[in-house]
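**Student:** This is the structure I have questions about; it appears just below.
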Amino acid sequence: MAIDPVKLDRLAQVAVKVGLNLQEGQDLLLTAPAEALPLVRRIAAHAYAAGAGVVTPILSDPQVTLARYAHARDESFDSAPDWLFEGMAKAFDANTARLAIAGDDPLMLSSADPAKVARANRAQSRAYKPALKKIAGFDINWNIVSYPNPDWARRVFPDLPEEEAVARLADAIFAASRVEGDDPVAAWATHNAQLHARCAWLDGQAFRSLHFTGPGTDLTVGLADGHRWQGGASVARNGITCNPNIPTEEVFTTPHALRVDGHVSATKPLSHQGTLIEDIRVTFAGGAITEAHASRGQDVLRQLIDTDDGARRLGEVALVPHSSPISASGLLFLNTLYDENAACHIALGQCYAKCFHGDPTPEQIQAQGGNSSLIHVDWMIGSDQVDIDGIKPDGERVAVFRKGEWAQAV
Ligand code: ZN
Ligand code: ZN
């Protein structure tokens, strides 16, 4: 068993044609783990066939990263290659598209000194800021896809021989990325149209809040004033329609930071910075968490919500049907890109500016109930036993989800 070369080629095609929608003459900057080289090569071929200017790959390697934690002098952990990130920012200013291949071992740094990891992350974030601003601000078309790295596959299938684990993870990635059929570009057009129709329906309902009920859950999530639902392909500021995340199954919007009440139980473990937090149970009052429990990782959970005032309030609520391909796989991927697309979820922390009608200023976003924080951490609260009602400003209730599936056809 190995990675199916036909589906791998289709994944490259989807990354270029759907994820990036790369334009004739556009340069492409690509980052990837060295293990993902087979996918890097297929992406380069599809990019040049689509008329790319210059494709520049930058590879990373876990052994190189770990060598730093094992041998580097102490000062190393406060520095980062500023010149590289300045170059990236310049490239984005010149309309270069950005593609990231994910697939590193999710627990790669679990044996490294946490203080050094924190310092290195801080230095990296500071150096990366000018480039990240252009990605976060959606200045250019960008995309992230995944490659079934052996290190990652071993974490998802710890009991299988490596080759079989890689093949199983590859199949799960291909299914979730919708590249199993002959025409994955058409499959994505259909999927995007469905997500857009869901957003249009939800925007039309203009709910004041969503009421989640299920085992251990009775939670009312107020929605921000002027909130807008997002999902599927969207238009970057350079005018190019792209699908930043592949896979994506969610439609999502901004909760009201002061109007979340009740209790909620997580339906999947949360993998956070190398720790698995299990059986999360949380109580909200007036938008803030007042009680937080977990059967495992409770200290990490409490540290997380103590990061700042916004860390105990919600910045995102997202709806994903239980029948979505990622959920159907039944796997825990230990990768947010996958796990958050397996179930309805909420996120503690920072909200998305694009989840508002109009183009509000940060002050307006706050006044309308948008939360702000240094963190944004998604956790899963959906399952086939969860119902959701939408509540309108006059109190009328509309069935949104029943037993984990959309209650209305659109
Ligand atoms: Zn989400
Ligand atoms: Zn999120």
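**Student:** In segment 352-410, what chymotrypsin sites (Phe, Trp or Tyr not before Pro) fall in a loop by DSSP, with at most 14 other Cβ atoms inside 10 Å?
**Tutor:** none
**Student:** While we're looking at this one, here's another question. So what are the radius of gyration and Dmax for the Cα set of the chain, in Å?
**Tutor:** Both quantities, over Cα of the chain: 21.0, 64 Å.
**Student:** Top mean-square fluctuation among H46, H71, H196, Gaussian network model of the chain, C-alpha springs under 10 Å?
**Tutor:** H71
**Student:** Sticking with this one: Work out, step by step, the length gained on full extension between D27 and D93: first 0.36 nm times the residue separation, then minus their alpha carbon distance; give nm to one decimal.
**Tutor:** My answer for the length gained is 22.6 nm.
**Student:** Can you grab the distance from the C-alpha centre of segment 307-346 to the C-alpha centre of segment 350-391, Å, no decimals?
**Tutor:** 13 Å
**Student:** Assign one of three labels to segment 1-160, namely rounded, prolate or oblate, based on the Cα gyration tensor with a ≥ b ≥ c the square roots of its eigenvalues; rounded applies when a/c is under 1.5, prolate when it is not and a/b is larger than b/c, and oblate otherwise.
**Tutor:** Details: a/c = 2.42, a/b = 1.19, b/c = 2.03.
Note, shape of segment 1-160 comes out oblate.
**Student:** For the chain, with every protein chain kept in place, what is the accessible area per residue (1.4 Å probe, Å²)?
**Tutor:** 44 Å²
**Student:** Over the chain, what percent of the accessible surface lies on carbon and sulfur atoms, probe 1.4 Å? Don't skip to the end; give the middle numbers.
**Tutor:** Numbers: 9160 of 18100 Å².
On the chain, the fraction of accessible area on carbon and sulfur atoms equals 51 percent.
**Student:** For segment 1-74, just say rounded, prolate or oblate: build the C-alpha gyration tensor, square-root its eigenvalues into a ≥ b ≥ c, call rounded for a/c under 1.5, and beyond that prolate if a/b exceeds b/c, oblate if not.
**Tutor:** oblate
**Student:** Still on this structure, I have one more. With axes computed from alpha carbons, what is the tilt in degrees of helix 184-205 against the longest principal axis of the chain, rounded to the nearest 10 within 0 to 90?
**Tutor:** Orientation of helix 184-205: about 30 degrees from the principal axis.
**Student:** For a test of understanding, tell me how many lysine pairs in segment 5-176 have Cα atoms under 22 Å apart, given they are 8 or more places apart or on different chains.
**Tutor:** Lysine pairs meeting the criterion: 6.
**Student:** Right, something else. Tell me the angle of helix 5-14 to the major Cα principal axis of the chain, expressed in degrees between 0 and 90 and rounded to the nearest ten.
**Tutor:** 60 degrees
**Student:** Another question, if that's okay. Any idea what angle helix 62-71 forms with the longest principal axis of the chain, computed on alpha-carbon atoms, 0 to 90 degrees, nearest 10?
**Tutor:** Helix 62-71 sits at roughly 90 degrees to that axis.
**Student:** How high is the relative contact order of the chain? Use alpha-carbon pairs under 8 Å, at least six apart in sequence, and give a whole percent.
**Tutor:** Answer for the chain is 14 percent.
**Student:** Summing -39500 (n - 2.57) over the DSSP H runs of n ≥ 4 in the chain and dividing by its residue number, what mean residue ellipticity at 222 nm do you reach, to the nearest 500 deg cm²/dmol?
**Tutor:** Taking each H run of at least 4 residues, the total per residue is -10000 deg cm²/dmol.
**Student:** Nearest 5 is fine: what % of DSSP beta bridges in the chain come out antiparallel, could you say?
**Tutor:** 75 percent
**Student:** Separation between the A399 and D387 pseudo-spin-labels, each 7 Å from Cα along Cα→Cβ, expressed in nm?
**Tutor:** 0.8 nm
**Student:** How many nm separate the modelled label positions at A367 and H263, each set 7 Å beyond the Cα in the direction of the Cβ?
**Tutor:** 3.8 nm
**Student:** I've got another one for you. Would you check the accessible area of K17, probe 1.4 Å, heavy atoms only, in square angstrom rounded to 10?
**Tutor:** Per-residue accessible area (K17): approximately 110 Å².
**Student:** Starting from the Cα of L37, step 7 Å along the direction of its Cβ; do the same at A175; then give the gap between the two resulting points in nm.
**Tutor:** About 3.1 nm, to one decimal.
**Student:** Whole angstrom only: what separates the Cα centroid of segment 218-271 from the Cα centroid of segment 1-55?
**Tutor:** The two parts, judged by their Cα centres, are 28 Å apart.
The values are calculated or read from the model by the stated rules, or taken from the named source; none is laboratory data. Treat the numbers as computed from the prediction; the structure is a model and nothing was measured. With ideal geometry, Cβ positions are generated from the backbone for all residues, glycine too; neighbour counts draw on all protein chains shown. To get the accessible areas, we keep the full protein, side chains included, count just its heavy atoms, and leave off ligands, DNA and RNA. Shrake-Rupley method; radii C 1.70, N 1.55, O 1.52, S 1.80 Å.
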